[in-house]
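Below is one structure, written out as structure tokens; the observations come after it.
The values are calculated or read from the model by the stated rules, or taken from the named source; none is laboratory data. Remember, predicted model here, so these are calculated numbers, not experimental data. We place every Cβ from the backbone using ideal geometry, glycine too, and count neighbours over all the protein chains shown.
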Amino acid sequence: MINTVTKNYGINNEFCSYQVTYINSNRVKSVPLDPANSDYQAIQEWIAAGGIVIDNAPSGTEAEGGVVIDNPPSE
């Protein structure tokens, strides 16, 4: 089960993947932004169920290095 999801930023400060931690586990996984990826799909389901994504955006991005909680409304 997912414990936390954090946005990862790469080159040019672009959002490039998610970092996921799991309940009762030391496992940490980097998940690409690929709708065909089963881990990505699990994250989207977790978000739809009320999970909150932590956005530690680097300087120069919209969040300017602050922690922003990003949980888009369900459609």
Could you check, for the stretch 31-42, whether at least one of its residues is modelled with pLDDT of 95 or more, out of contact with any strand residue (DSSP E or B) (no Cβ under 8 Å at 6 or more places or on another chain) and surrounded by 11 or more Cβ atoms within 10 Å (Cβ to Cβ)? yes
Exactly one of Ile54, Ile69 is outside any loop (DSSP other than H, G, I, E, B), out of contact with any Ser or Thr (no Cβ under 6 Å at 6 or more places or on another chain), at pLDDT below 95 and among the β-branched types (Val, Ile, Thr), and that one is Ile69
Looking at the structure I just gave you, is Tyr9 surrounded by 13 or more Cβ atoms within 10 Å (Cβ to Cβ), of a type in the set (Ser, Thr, Tyr) and modelled with pLDDT of 95 or more? no
Number of positions in the stretch 49-58 that are farther than 15 Å from Met1 by Cβ and either touching a His at 6+ places or on another chain (Cβ under 8 Å) or of a type in the set (A, V, I, L, M, F, W, C) (or both): 3
